[in-house]
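Data block below; observations after.
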Amino acid sequence: MTVVVSASAHTLGVDEAEQTVLAGSGGAVLQAAGLCREYGTVIAVDGIDLSMNEGEFLTVFGPNGAGKSTLLGMLAGAMRPTAGSVSVRGKPLLSSDTDWRHRIGMLSHKGFLYGRLTVEENLRFYGKLFGLSDLDERIPARLEQVGLTQRIRFEARQLSHGMRQRLSLARALLHDPDVVLLDEPYTGLDPSAASVLRDVLDELKDGRRTVVMVTHNLREGLEMATRLAVQVAGRFAWEGDNQGLGRKDFERHYHDVVEGRA
């Protein structure tokens, strides 16, 4: 698999960009072709092409305002692109066939939790939305996975930030998605909560999931990823395999890319 980075969709037609990705996909799980998102005169995402297979973990680094969260929003189907397309296992997002929704799990800044519902009630609510029939087994398993078994009767609003983040992760994984999208999962976590999150993310590297994580945390991002990308001004300015890059070496390279020296 190669994460393909091409010219902007403003210089390469979207149809042509899509053909480029599909030609090399080989049964890719997650694909994006000529992906763009504009807000008036601001171009947040500018012609990104992406193709990922099972078992791959892509970490996207980049400065604030680079369009990373916007990219994840479009990959999740939560945001409609201005141009380009996204598909999961060959099925376009935002189509009338909504099967793709069951294949994606996303952890975002919002969390999508109901404060007055208990931990269990939040998961049960989302489980019913996905039509899951084994929630009596699935919910305890997910709570054990994220270390919240003892908080099952707590209302979400009673949890610390780190615990809410873990509950949001349990929600994102409840339906066992093929594609997992993580937007700054380490933000605001204490060392204990970060350790739990690290263990869960490590479990996601089971060879059958496709994971895209946006983070400023160089150490964690490097540790988890099989591939790396640096997004600047809406584009992947650099991407490559994670071949045991050291944090200090990558940090220097990251700054060179962001500042236009590489």
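Gaussian network model of the chain, Cα springs within a sub-10 Å range: biggest mean-square fluctuation belongs to which of N53, N217, N122?
Its mean-square fluctuation being the largest, the pick is N217.
How large is the helix-only mean residue ellipticity at 222 nm for the chain, computed as the sum of -39500 (n - 2.57) over DSSP H runs with n ≥ 4, divided by its residue count, in deg cm²/dmol to the nearest 500?
-10000 deg cm²/dmol
In percent, what relative contact order does the chain have, based on Cα pairs under 8 Å that are 6 or more apart in sequence?
The value is 25 percent.
What's the ranking of 189-195, 225-231 by average number of surrounding C-beta atoms within 10 Å, highest first? Present the calculation step by step, with values, prior to reporting the outcome.
On the way: 189-195: 13.6, 225-231: 22.1.
By packing density, highest mean first, the sequence is 225-231, 189-195.
For the pair K248/S195, report the inter-label distance in nm, with labels modelled 7 Å from Cα in the Cβ direction.
2.6
If one takes the longest principal axis of the Cα atoms in the chain, at what angle in degrees, from 0 to 90 and to the nearest 10, does the Cα axis of helix 191-204 lie?
That works out to roughly 70 degrees.
Using only the Cα atoms of segment 36-93, build the gyration tensor, take square roots of its eigenvalues as a ≥ b ≥ c, and label the shape rounded, prolate or oblate: rounded if a/c is under 1.5, else prolate if a/b is larger than b/c, else oblate.
The shape class here is oblate.
Residue separation times 0.36 nm, minus the C-alpha to C-alpha distance between D202 and Y114: what's the value? Could you put the intermediate results ahead of the total?
Working: separation 88, 0.36 × 88 = 31.68 nm, distance 2.73 nm.
Full extension of this stretch gives 28.9 nm more.
If you fit an axis through the alpha-carbon atoms of helix 161-173 and take the longest principal axis of the Cα set of the chain, what angle between them do you get, 0 to 90°, nearest 10?
80
When a/c reaches 1.5 or more, the comparison of a/b and b/c decides; with that in mind, is segment 129-223 rounded, prolate or oblate per its Cα gyration tensor? Could the numbers behind the result be given before it?
Working: a/c = 1.96, a/b = 1.18, b/c = 1.66.
Taking the square roots of the gyration eigenvalues as a ≥ b ≥ c, segment 129-223 is oblate.
For segment 112-161, just say rounded, prolate or oblate: build the C-alpha gyration tensor, square-root its eigenvalues into a ≥ b ≥ c, call rounded for a/c under 1.5, and beyond that prolate if a/b exceeds b/c, oblate if not.
Details: a/c = 2.29, a/b = 1.31, b/c = 1.75.
In terms of gyration-tensor shape, oblate.
How far is helix 135-145 tilted off the main Cα axis of the chain, in degrees rounded to 10, range 0 to 90?
Helix 135-145 sits at roughly 70 degrees to that axis.
Give the separation of the Cα centroids, segment 172-196 to segment 72-134, in Å.
Distance between centres, Cα-based: 15 Å.
Once you keep just the Cα pairs under 8 angstrom separated by 6 or more residues, what percentage relative contact order results for segment 102-154?
The value is 42 percent.
No value in this document is a laboratory result; all are computed from the given coordinates. Not measured: the values here are computed from a predicted model. We place every Cβ from the backbone using ideal geometry, glycine too, and count neighbours over all the protein chains shown.
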